[in-house]
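Remarks on the structure that follows.
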Amino acid sequence: MRNPILCALVVMLLGVFRVSAGEGEVNVFTARHYESDKQLYEEFKKATGITVNAISGNAPELIERIKREGESTRADLFITVDGGILGAAKKSGVLQPVRTPAVDERVPSHLRDPEYHWLGLTTRCRIIVYSKERVNPSALSTYAALADPEWKGKILVRSSAGLYDQSLLASLIILDGAEKAERWAAGIAANLARDPQGNDRDQAKAIAAGKGDLALMNTYYIGQMLNSKDPEEVKVARNTGLFFPDQAGDGVHVNISGVGLVKHAKNRDNAVRFIEFLLDVPAQEGFSAGNYEFPVNPKARKHELLESWGDFKTQRIDFNRLGDENPEAVRIFSKVGWK
Ligand code: FE2
């Protein structure tokens, strides 16, 4: 370029574009695996001009990566399902607190870390599902009762390698003590209809196929299946009953999904803005409408399917403790032979 003024102008413009690209993004390391989230990234981009770059992966591996990368990490936000993992992320030191007036207004205190290292985005319940043909729901009551001999050969579960049942067992350790929790896990292992296998949806499918009568399942999968493009899944979900256990006791187990601000976030302002966006009523209703989850923001409306389930009592425990008790839960599963 021979013209020095033009040359300077080009250099300046390139600089402007580079800065604006840097300012206009937020990097999210996410272990959530739902379509609803992609839509919310798009809506955030439309509303703010900020691009959401999602890096997906398995939660413990993402935490490990953020830790290993230290100050040089690209991660601004960590998003995952499961309170135990959120607790583990906090413990590993990769997060920093984020407290703003909007956060305080939008997230009830029992659905976030007491020190704001992570904030709940949605909740889901780990319920008992049953065959509408073969089980009368009046026979159902508690998680504990699933270990009764009357259900021998009838119970379907996924592998204990899955976080959802690890956190369920961790919650029972916290509420009932390790000894009672171990007796429960042993009772379930003795009542299994088959070796643990498949994901949550597969348990409902196995009920429909007559392989067992009862299973543990997260609520949103029922919503996904009822609204699935696959007519077989719709049929399965229609024949599956939902039961919220422990209503006269500690309440149903809550699986929380949440977000934490990474300690070495480079796009801190954008990240906080995205957090506040995700907690605001429209996005909260988006999670519920798109993925059948319960909003954390009390002002957000639930999907009508969730509304139809009525009110129910939920466990009240510090979710971080699910992470603390996770090793004990894993030890119990292996001891009692819940594979
Ligand atoms: Fe899931």
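At-a-glance table
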quantity: Any hit, the stretch 15-30, residues being modelled with pLDDT under 85, away from the ligand (no atom under 16 Å from the Cβ), over 15 Å from the mean Cα position of the chain (by Cα) and among the β-branched types (Val, Ile, Thr); calculated: yes
quantity: Selected residue [assigned to a loop (DSSP other than H, G, I, E, B), in the same structural domain as ASP82 (by TED's automatic domain parsing) and of a type in the set (A, V, I, L, M)] from ALA265, ALA248; calculated: ALA265
quantity: Residues (more than 16 Å from the chain's Cα centre (by Cα) and of a type in the set (Lys, Arg)) located in the stretch 98-148; calculated: ARG99, ARG106, LYS132, ARG134
quantity: In the stretch 136-183, the residues that are within 16 Å of the ligand (Cβ to nearest atom), more than 18 Å from CYS125 (Cα to Cα) and hydroxyl-bearing (Ser, Thr, Tyr); calculated: SER159
quantity: Number of the exception - LYS38 against (1) within 16 Å of the ligand (Cβ to nearest atom); (2) in contact (Cβ under 8 Å) with a residue 24 or more places away in the chain; calculated: (2)
quantity: Contacts under 7 angstrom Cβ, first residue in the stretch 213-228 being away from the ligand (no atom under 12 Å from the Cβ) and among the acidic types (Asp, Glu), partner modelled with pLDDT of 95 or more and in a strand (DSSP E or B), 6 or more apart; calculated: ASP213/TYR130; ASP213/SER131
quantity: Test: residue in the stretch 82-94 that is surrounded by fewer than 17 Cβ atoms within 10 Å (Cβ to Cβ), within 16 Å of the ligand (Cβ to nearest atom) and assigned by TED's automatic domain parsing to the domain that holds GLY286; calculated: no
quantity: Matching entry among SER288, SER257 (being under 30 Å from ARG68 (Cα atoms), among the hydroxyl-bearing types (Ser, Thr, Tyr) and surrounded by 21 or more Cβ atoms within 10 Å (Cβ to Cβ)); calculated: SER257
quantity: Qualifying positions in the stretch 198-211 - away from the ligand (no atom under 16 Å from the Cβ) and at positive phi; calculated: GLY210
quantity: Residues of the stretch 69-102 that turn out to be hydrophobic (A, V, I, L, M, F, W, C), closer than 22 Å to ALA283 by Cα and touching a strand residue (DSSP E or B) at 6+ places or on another chain (Cβ under 6 Å), as a count; calculated: 7
quantity: Flag if VAL103 is part of a helix (DSSP H, G or I), touching a helix residue (DSSP H, G or I) at 6+ places or on another chain (Cβ under 7 Å) and surrounded by fewer than 24 Cβ atoms within 10 Å (Cβ to Cβ); calculated: yes
quantity: Check on ARG126, within 16 Å of the ligand (Cβ to nearest atom) and either assigned to a loop (DSSP other than H, G, I, E, B) or under 19 Å from ILE207 (Cα atoms) (or both); calculated: yes
quantity: Qualifying position, being surrounded by fewer than 20 Cβ atoms within 10 Å (Cβ to Cβ) and closer than 30 Å to ASP280 by Cα, among LYS211, LYS266; calculated: LYS266
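The values are calculated or read from the model by the stated rules, or taken from the named source; none is laboratory data. Because the structure is predicted, anything quoted here is derived from the model rather than measured. Neighbour counts are summed over all protein chains in view; Cβ atoms, including those assigned to glycine, are modelled from backbone coordinates with ideal geometry.
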